[in-house]
1. Return yes or no: is Lys117 within 16 Å of ligand 1 (Cβ to nearest atom), within 17 Å of Phe160 (Cα to Cα), basic (Lys, Arg) and over 41 Å from the mean Cα position of the chain (by Cα)?
2. Given the structure, is Ile21 outside any strand (DSSP E or B), out of contact with any Ser or Thr (no Cβ under 9 Å at 6 or more places or on another chain), within 11 Å of ligand 2 (Cβ to nearest atom) and not hydroxyl-bearing (Ser, Thr, Tyr)?
3. From Phe5, Phe84, which residue is within 14 Å of ligand 2 (Cβ to nearest atom) and not in a loop (DSSP other than H, G, I, E, B)?
4. Show me the strands (runs of 3 or more DSSP E) found entirely inside the stretch 133-230 where at least 2 residues are at pLDDT below 95, farther than 19 Å from Ala8 by Cβ and over 34 Å from the mean Cα position of the chain (by Cα).
5. From the list Lys401, Lys335, which residue is under 15 Å from the mean Cα position of the chain (by Cα) and in contact (Cβ under 8 Å) with a residue 60 or more places away in the chain?
6. Taking only the stretch 61-99 into account, find how many residues are within 22 Å of Gln301 (Cα to Cα) and among the acidic types (Asp, Glu).
7. Could you check the stretch 278-291 and list, in sequence order, the residues that are of a type outside the set (D, E, K, R) and closer than 16 Å to His305 by Cβ?
8. Condition first: assigned to a helix (DSSP H, G or I) and among the acidic types (Asp, Glu). Now tell me which residues in the stretch 526-565 satisfy that.
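The values are calculated or read from the model by the stated rules, or taken from the named source; none is laboratory data. Remember, predicted model here, so these are calculated numbers, not experimental data. Heads up, the Cβs are rebuilt from the backbone with ideal geometry, glycines too, and the neighbour counts pull from every protein chain shown.
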Amino acid sequence: MKKNFIIATAGHIDHGKTSLIKTLTGKDCDTHPEEKKRGITIHLGFSHLKLNEDVNVGIIDVPGHKDFIHNMISGVCGIDLVLFVIAANEGMMPQSIEHLKILNLLNVSKGIIVLTKCDLVDNELIEIAEQEIKNEFSKTTLKDCPILKVSTKTGENINFIIPELIKILKSNDYDFNQEYFRLYPDRYFQVKGFGSVLTGSVLSGTTQKGNSIYSSFNRKLYKIKRLEQYSHETDLIYQGQRASINLNNFEQQDYEKGMMFSNIEYPKTALIDVELNLFQNVPNLKLWSTIEFYSNTIQTQAKIHLIDKDILKPDNLCLAQIHLNKAISICYNDKFIIRNSSNEITLGGGKVLDAFPLHHRRRTKHVIELLKQRLSNDYLDLLITEIEKTIKPISLEYISKKLFIKSEILKQNIDFSLLSEKYIKINNWFWTKKHYKLIKQKIVKYIQIGHKNNPLSNLGNTFEELLSVFIESIGNKKLLNYGDFSEDSQHIFLQAALDELQKEKILDKRESTYAISSHNITLSTKNHTQINWVDQFILNQRMKAPLWSELTERAHRREINEKYLKQILFYLVKKKRIIHNNGEFLHSLNVSPIRIEILKYLSKNPQGISVSEFRDLINANRKISLIMLNIFDDEEIIVRKDDKRFITDKGLLFLETNNDSA
Ligand SMILES: Nc1nc2c(ncn2[C@@H]2O[C@H](COP(=O)(O)OP(=O)(O)OP(=O)(O)O)[C@@H](O)[C@H]2O)c(=O)[nH]1
Ligand SMILES: [Mg+2]
């Protein structure tokens, strides 16, 4: 339930903002010696008011002086309501107009126009002032604000302000669990015995004592030791409240103006895409312009690059990319204000369309279209533009974090069945079909190259081999920027690609490999001759293990290099002409009679056979005897116990079925 609101004052210097807050709350917000000396507000002032049992408001008093517009901007970012103060004796003045424009851009739509100093003027002048105000406000988000004519001197009509606030600030069913927690501290100080305390308005979400909050400034997590709301200790703070946060291990150097706290690890950015609105009666904005950028407590110099226009005229809108002089914490849909580089004129402002855009070196139609799509505020459009930004798969989790919108909310608000054919979705991972297809093509190409390099095998590549091709193709390292592309997701995407390729009859599953469907072993006459030669060479070794050096050298003379020789050997292994064991190649015609011989011997000699007995039996050297025994071990027709071999059931069966043929 939302019953906490933040309101701020606005209006020209000396029109009575601080006096009004003092009258309402009893607190003088001008606390700095310099403010006292000059009789003006310079810094933001803070107070609060309990409107009734239910509703609490935090109050931010802003300065009216034109030199402190930057403080005014940070005071009014994220407020629920404005108390717009205009002195009846002066009417609309320059900063009344400037503040109004700023509030309009920040989309502040709730407020009360407080016409102060009514004790100083007669009714006629009040009416003139009212008319002027109505005219100016009619073109803005604050057009429906009531006007209250008051005097803080005489107290006239002051008692109408709180009932009016209650009327406008109705409690509503705001669910603060729907949003991430977010707060820009506007003050930092040390309290004896407590340590670091930061205060600020909770812009969204909620957090509680004992939780850790993340500082985007130094990317550190801090545990909340103590929370206060309007000088009362509390366990929970949420949107609409001003809060004091006492943090563990937070040092002075950990504070920077513009820093943001959140309950997720939200990154900083130095490049943002925006919709930019230029005020009336300001200079044109050129293609590249240097400006001062303001949003919440953020203030930095920046360069604006116009995207869909070459020049932005006053009272006009455009898309732009802002290059910030330092990395800031800002979120999608945040509002901002810009001033000229010498900080004298408020030029305009707008809203953030993308807090983490690509660098638009060229202002293509595609770039403009994607940015315009983000203007719709539709979550599906947002999702699509996020998928389009990368050539890699991207997860909903990642998108959620970058948009600062909880993934459950995205899920609730997106009808994924409406995602066009141009995209694929697997387990909340998304990818453009275009790039997915490119990866599929790369996989096919890789298998084709394999076939070309080994024409003597009809097998392709294993899933594991293709997985490394897949990961390499999408550049695993960079992928980390797009969310943790977990092993699971990698497997799922590759499997989907391979399944599709099989369905499209491009790939075949052969044994445990993926091969090109059309690939078959085709041998030339030359191949045949070479294969036969290798076959004969191994056969001719009889009871010797072939010497690899001799084989390669003789093969070389027949235009068979080592790689090709291996392929031929494995081709013959596949054809069961040759047996491969531990890097040795024996001809199966040389092994067969020995196999029968040992099995026969063992079937008659249950005491088994040792290596030397076997060597004598077959009248061969120790090396080949060992290779043969290994082959038979692997075939499980014999079994080794200590230093002897014995026949197995499989061996007996083999003997029974093959005795005749031996
Ligand atoms: N007569 C009369 N004087 C007022 C009224 N409200 C404020 N004042 C006087 O106007 C002067 C300026 O008032 P502040 O409240 O400081 O004005 P402010 O808008 O806060 O000024 P900045 O913060 O510097 O922009 C003070 O001397 C006040 O006493 C009013 O209703 N009637
Ligand atoms: Mg003041």
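1. Yes, satisfied.
2. no
3. Only one candidate qualifies: Phe84.
4. Ranges flagged: 182-191.
5. Lys401
6. 2
7. Residues satisfying the conditions are Leu278, Asn284, Leu285, Leu287, Trp288, Ser289, Thr290, Ile291.
8. Hits for the stretch 526-565 are Asp535, Glu550, Glu553, Glu562.
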